[in-house]
Amino acid sequence: PADATYSFGNVGELTASGIDFEADYQTDVDWGIINQLGLRLSGTYNISREENWVELGLSREMVGKAYGFEVYPELKAVSTVSIGGEDWNFGWDMRYIDETVDALRPAEVTDDNIADAVLYHDINASYYWNNVKFGMGISNLLDKDAPRYHSGFNANTAPGTYDTIGRKLFANVQVKF
């Protein structure tokens with residue numbers, strides 16, 4: 001560390017710990033036109049993410065904090081429920097992002113130093129006909145706003161983490177040859 005004098009060198013270090021988890025269950029059912037059921041939960045529980053700048057003697061813990069466009073929630077998860085039939089399927093996703101505290105703007109100097117937890121709901125459906133798949137869906141079904149925090153990189157939030165556009169409709173067609 002004492003001989004690290006080049007100002008553009010990589011003289012920092014990052015240590016992180018957490019738990020990635022996933023559970024996926026699919027089964028055949030006999031519920032009239034429904035013959036498939038799927039349940040899935042996946043995500044990350046961050047325990048620690050410490051950045052150290054050796055040359056400057058600085059260190060910061062980032063879990064549960066937002067720094068401009070960097071957002072490190074303690075918990076981020078997606079759950080999915082899906083059902084299907086012979087030539088169709090339907091899915092409902094719930095995307096959860098835990099709250100974070102704005103580390104660059106303390107509560108004493110701003111009214112928005114916490115990015116609240118958010119839960120997005122997405123739905124999708126598809127229908128198969130011969131070699132063609134028709135799909136459609138809605139992302140952010142309830143048109144949930146992205147949480148604001150004062151030092152957010154763009155529009156006082158983090159577009160790479162949160163849904164900043166709002167409700168989105170989509171449709172697609174796939175043809176297999």
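Structure values in brief
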quantity	calculated
Quotient of C-alpha Rg and 2.2 N^0.38 Å, computed over segment 87-177	1.48
HN-Hα J in Hz across segment 14-28 - Karplus 6.51, -1.76, 1.60, θ = phi - 60°, x for Gly and Pro	10, 10, 9, 8, x, 10, 8, 9, 7, 10, 9, 10, 9, 8, 7
Heavy atoms of W53: accessible area, 1.4 Å probe, square angstrom to 10	90 Å²
Nitroxide proxy distance, nm - points 7 Å out along Cα→Cβ at D116 and I33	3.8 nm
Long-range amide H partners of A146 with built H, under 5 Å	none
Residue-count net charge about R49 - beta-carbon cut-off 11 Å; Lys, Arg +1, Asp, Glu -1	-3
Semi-axes of the equivalent ellipsoid for segment 133-177, Cα gyration tensor, largest first, Å	31, 12, 5
Amide H contacts under 5 Å for E99, placed H, 5+ residues apart	A117
Residues L14 and F90, FRET efficiency given R0 of 45 Å [Cβ-Cβ distance, rounded to 0.05]	0.65
Linear extension gain, F170 paired with R40, 0.36 nm per residue minus alpha-carbon span	44.5 nm
Structure-derived Cα Rg over 2.2 N^0.38 Å - corresponding label in (1) 1.28; (2) 1.37; (3) 1.15	(2)
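The values are calculated or read from the model by the stated rules, or taken from the named source; none is laboratory data. Every value quoted in this text rests on a predicted model; they were computed, and no experiment measured them. Glycine gets a Cβ as well: all are built from the backbone with ideal geometry, and neighbour counts include every protein chain shown. Ligands, DNA and RNA are excluded from the accessible area calculation, which covers all protein heavy atoms including side chains. Shrake-Rupley method; radii C 1.70, N 1.55, O 1.52, S 1.80 Å.
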